[in-house]
1. For residue 97, indicate whether it is exposed (fewer than 13 other Cβ atoms within 10 Å of the Cβ) and more than 18 Å from residue 31 (Cβ to Cβ).
2. So in segment 131-168, with the set limited to residues that are under 14 Å from the mean Cα position of the chain (by Cα) and small (Gly, Ala, Ser), which one is nearest to residue 199 (Cα to Cα)?
3. State all residues of segment 100-120 that are among the hydroxyl-bearing types (Ser, Thr, Tyr) and surrounded by 19 or more Cβ atoms within 10 Å (Cβ to Cβ); if no residue qualifies, say none.
4. Condition first: under 16 Å from residue 23 (Cβ atoms) and either free of Cβ contacts under 8 Å to residues at least 60 places away in the same chain or buried (at least 19 other Cβ atoms within 10 Å of the Cβ) (or both). Now tell me which residues in segment 73-94 satisfy that.
5. Which residues, counting only those in segment 66-112, are in a loop (DSSP other than H, G, I, E, B), in contact with an Asp or Glu (Cβ under 9 Å, 6 or more places away or on another chain) and of a type in the set (Ser, Thr, Tyr)?
6. Are any of the residues in segment 178-187 at pLDDT 95 or above, hydrophobic (A, V, I, L, M, F, W, C), more than 16 Å from the chain's Cα centre (by Cα) and buried (at least 19 other Cβ atoms within 10 Å of the Cβ)?
7. Got at least one residue in segment 5-12 being surrounded by 13 or more Cβ atoms within 10 Å (Cβ to Cβ), closer than 14 Å to residue 132 by Cα, touching a helix residue (DSSP H, G or I) at 6+ places or on another chain (Cβ under 7 Å) and at pLDDT 90 or above?
8. Just one of 84, 48 is at pLDDT 95 or above, among the aromatic types (Phe, Trp, Tyr) and under 18 Å from residue 138 (Cβ atoms); which is it?
Amino acid sequence: MRQMSVFEVIGPNMIGPSSSHTAGALRIARVMHKLAPKDIAQVTFILYGSFAKTYKGHGSDKALVAGILGMDQEDERIKEAFEYAQKEGLHYVFEASESKSYKHPNTVEIVVADTKGNQISITGSSIGGGSISIDKVNGMEVFFTGEYYTLFITQEDKPGVVAHITRCLSEQGINIAYMRLYRKDKGKLAHTIIEADEPIGEEIIDHIMALDKVHYAKIIRL
C-alpha cells in the first residue's frame, strides 16, 4: 500500500480554489505538455463527471490551459492562462461529456493535434490533494502518476526491444523502480512506462530511439 505524507493530505501550494479541480487538472495537462509535439495546432479538453459540471467555476479550464502551456501549479500566470494561450496562438475547446465511462469523478481526456493533423490523446484523473493518475494514452489503458522520473516509450511489441531499453538505462546507471508494458495485440504497438529513482537525462532518448522498432520516447517529471 502506498503511504501518503501529511503534505499530500493537505494538498500542494497552488493558484486556485481546489487541489482536485485546479492543481490536479493542471498536472494532467502538464503530462500532455511533456508528451505532445511542439507544433500544437489544436487542443480539445473532454471533461467527465465533476469536472464537466464545475470546470468553469472551479478554474479547471484555466488550469488545464496553463498546464498545456507548461506552467506549474504555483505560477501566478495561471489566472491569465487564456490570455497567454491567445498570445501563443494556442487554439483550444472544452467539451462537457455526459458519458459515465470514467474511473474517477474528476476525469479529463486531452486530445492534441499538430499542424500535420497527427493526434495524441491522454485520459487522466485528479484523485485528490493535487495527485493524479494517467489512465489512457491514445486509447490504450496505462498507469503512471508523474511522481517519479518517468520514461514513456512507444515501440513495436517485438523480441529484443525491452532488452534494448533496459540496457540503455543500465548503461546510464539508472535504477528502475517500476516498469510496465501495455499492449492491445501481440506483436503490434506497445507502451513501456519506466519509473526511476533518480533523474533520467535527455541524452538517453537518442540511445533508446537508435533502435528502429522504437517509435517514440519522452521523459516526464512533474
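1. No; evaluated as a whole, the condition is false for this residue.
2. Among those residues, the one meeting the criterion is 146.
3. Residues satisfying the conditions are 102, 107.
4. Listed by number, the residues that qualify are 73, 77, 78, 81.
5. Of everything in segment 66-112, those that are in a loop (DSSP other than H, G, I, E, B), in contact with an Asp or Glu (Cβ under 9 Å, 6 or more places away or on another chain) and of a type in the set (Ser, Thr, Tyr) turn out to be 97, 102.
6. no
7. No, every residue in segment 5-12 fails to be surrounded by 13 or more Cβ atoms within 10 Å (Cβ to Cβ), closer than 14 Å to residue 132 by Cα, touching a helix residue (DSSP H, G or I) at 6+ places or on another chain (Cβ under 7 Å) and at pLDDT 90 or above.
8. Of the residues listed, the single one that is at pLDDT 95 or above, among the aromatic types (Phe, Trp, Tyr) and under 18 Å from residue 138 (Cβ atoms) is 48.
The values are calculated or read from the model by the stated rules, or taken from the named source; none is laboratory data. None of the values given here were measured: they were computed from a predicted structure. Here Cβ is always computed from backbone atoms with ideal geometry, including for glycine, and neighbour counts include all displayed protein chains.
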